[in-house]
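*Asks:* Before I ask anything, here is the structure I am working with.
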Amino acid sequence: MLPKTDPPLLKSKSFSDHSSSYYYCSSIQTFLSTHPRSWILLCILSLQIFLLFCIYSLPVSFSFHHFPPPLVNTSSVITTPQTTATTTAIIKEEEDIPIPTPTQTNDICSDGRVYVYELPKMFNRELSEKCDELNPWNSRCEAISNKGLGRKYTTNDGRIIGKVIPDKLKSSWYFTDQFASEIIYHNRILRHKCRTFDPTSASAYYLPFYAGLAVGKYLWSDNYTSVHRDYHSVKLLRWVQKQVYFKRSKGWDHFIMLGRISWDFRRSKDNDWGSSFIYMPAMHNITRLLIERNPWDYFDIGVPYPTGFHPKNESELTQWQDFARTRVRKTLFSFAGATRGTIKNDFRGLLLDQCKDSGNRCKIVDCGGNRCVNGSSAILETFLESDFCLQPRGDSFTRRSIFDCMIAGSIPVFFWHRSAYYQYEWFLPSEPESYSVYIDRRDVINGTSIRGVLEKFSKNEVRKMRDKVIEYVPKFVYADSRDGLGSSTQDAFDVAIDGVLKRFKAHRNMWDTKDENTTIRKLLK
């Protein structure tokens, strides 16, 4: 941010100052003329120091997509007299949550163990308890109920429950809010197989801060300022910077789930949208799980939006996969969404026009109003009947509909690479063409027929893509169980946490094994 005032004028030097400077400069000139190599080394060192100061003074992360892991020494263990008291407090706080049974081998947690901070209640529990205040229009209590899964579907929630979803799977469907990930992850990590109550044995530290809930109530009114939107975030970072394990690593081994898109936490000006949480200095090294990431920030990790399907075990998951695989699909492609009337040349309008022109080859779900809130039955039924589903960008580059579509066994059609390919690499197949279709939006604008492109795929090619989508469904869902789907199947939460542990392990290994690190440390002494 540019300074609001001009810098102060420099005081003029006296004659004596100039005189002494003359002799000083003469001495330097003599030294440099006789030691040219020293001059070169001095210039290089000065340039490096200057660049480091410039980088750390900026309020943004320049950690690119393939930025190498940091050089951080986390091998030293710091003990603190507060460890026992903290552990006792956590166990007392969570008496209803059994401590995971210790394993006889370290193989199951070979990538490390997770310590969950016990944050002051204002950062999570109080926010969820005051759910009536999270939204200026209506209560959010139902949306974040059932440990973040929301209200269960019932027989009164439309004919889809009685007609489309198999009877034995009805109890696995919820009205899940797309911004409920913070609560879902918090409840799941308390029972993670590699959770430890001893912070000295941890290699990863989780901050269960509901940042999305905290900022959500302040986004929609001019009565709130940037101070309101940053209030909880500032308090949280002041708290965590006092913790001995954060001080040890400067946050390199800490991570957090932020339940909204990355851009909601990247406010650069006071009057702009959202919080400036990610731009705060103490956040620079903390790994962040988000439903939409900034593809150029190493510390952002994209994870699936929560959908309405939450199987309790592997059996329910397999039943759903079989159901989606054998479903008779009568429609070539579908589109669920609404136009953006305020946007000139709205791309969604082009998709709707093409869909209408395709007759019975395309089915539309008009999401004007609240018809599509939290994954309605109309959306699921449409995706279950379609070979392909159109997935333009939403209010941002991603949308929950991507995962609603794939869970139904429909093949997504993308128009922006940033809608999925640059977002969810831990969760999607590495070959985009194996499970999806990409049509450049500029081609559509210039007249390319979506129907024409999709009709070129043979039945065998469509079947293979659908099989690949259905194969990956476990990585798109969040299980309705604190223990996940089972020992042999990972859901989206398991993939995310294991990925974080592997990333932190790579950080430690790099510090321990890279020979050049030793040279760097010697130069810095």
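The values are calculated or read from the model by the stated rules, or taken from the named source; none is laboratory data. Since the model is a prediction, treat every value here as computed from it, not as a measurement. Neighbour counts are summed over all protein chains in view; Cβ atoms, including those assigned to glycine, are modelled from backbone coordinates with ideal geometry. Accessible surface is based on the protein model in full, side chains and every heavy atom, while ligands, DNA and RNA are left aside. Shrake-Rupley method; radii C 1.70, N 1.55, O 1.52, S 1.80 Å.
*Asks:* Mind grabbing the accessible area of Lys312 for me, 1.4 Å probe, Å², rounded to tens?
*Replies:* 60
*Asks:* Could you work out what % of the accessible surface of region 159-290 is carbon and sulfur, using a 1.4 angstrom probe and leaving DNA, RNA and ligands out of the count?
*Replies:* Carbon with sulfur: 49 percent of the solvent-accessible area.
*Asks:* When all alpha-carbon pairs of region 141-293 are counted, what percent fall beyond 23 Å?
*Replies:* 48
*Asks:* Continuing with this model, one more query. For an R0 of 35 angstrom, estimate the FRET efficiency from the Cβ-Cβ distance between Asp353 and Asp107 and round to the nearest 0.05.
*Replies:* 0.05
*Asks:* How many nm separate the modelled label positions at Glu471 and Arg393, each set 7 Å beyond the Cα in the direction of the Cβ?
*Replies:* Roughly 3.1 nm, to one decimal.
*Asks:* Still on this structure: Using the Kirkwood formula on the Cα atoms of region 319-464, what hydrodynamic radius do you get, in angstrom to one decimal?
*Replies:* 15.5
*Asks:* Which three lengths, in whole Å and largest first, does region 379-476 cover when its Cα atoms are put on their principal axes?
*Replies:* Taking max minus min along each principal axis of the Cα atoms, region 379-476 gives 38, 32, 27 Å.
*Asks:* So how exposed is Ile407, as accessible area in Å² (1.4 Å probe, rounded to 10)?
*Replies:* 0
*Asks:* Could you give the nm distance between label points at Glu133 and Ala338, where each point is 7 Å from its Cα heading toward the beta carbon?
*Replies:* 2.9
*Asks:* Please list, ordered by chain and number, the residues whose modelled amide H lies under 5 Å from the amide H of Ile411; skip anything fewer than 5 residues away on the same chain.
*Replies:* Phe388, Cys389
*Asks:* At a Förster distance of 45 Å, what's the computed FRET efficiency of Asp443 paired with Asp498, Cβ-Cβ distance as r, to 0.05? Intermediate results must be reported in sequence, preceding the final value.
*Replies:* Details: r = 38 Å, r/R0 = 0.85.
For Asp443 and Asp498, the calculated efficiency is 0.75.
*Asks:* Could you give the radius of gyration (one decimal) and Dmax (whole number) of the Cα atoms in region 153-241, in Å?
*Replies:* Expressed in Å, the Cα Rg and Dmax of region 153-241 come to 19.4, 54.
*Asks:* At 7 Å along Cα-to-Cβ for each site, give me the label-to-label distance between Glu455 and Asn271 in nm.
*Replies:* My value for the distance between the label points is 5.2 nm.
*Asks:* I'd like to check one number: the per residue accessible area of region 245-315, probe 1.4 Å, reported in Å² as a whole number.
*Replies:* For region 245-315, the per-residue accessible area is 27 Å².
*Asks:* Keeping every protein chain in place, order Ser172, Ser268 by accessible area at 1.4 Å, biggest value first, i.e. largest first.
*Replies:* Ser268, Ser172
*Asks:* Quote to one decimal, in nm, the extra length available between Met510 and Ser226 on full extension: 0.36 nm per residue of separation minus the C-alpha distance between them.
*Replies:* 98.3 nm
*Asks:* Shifting gears a bit: To the nearest 10 square angstrom, what accessible area does Lys363 show with a 1.4 Å probe?
*Replies:* 70
*Asks:* Hey, can you find the accessible area per residue of region 407-492 for me, probe 1.4 Å, expressed in square angstrom? Display every interim value, and only then the final one.
*Replies:* Values: 3810 Å² over 86 residues.
It amounts to 44 Å² per residue over region 407-492.
*Asks:* Whose amide H sits under 5 Å from the amide H of Lys152, counting only residues 5 or more places off or on another chain, with H placed in the peptide plane?
*Replies:* Phe175
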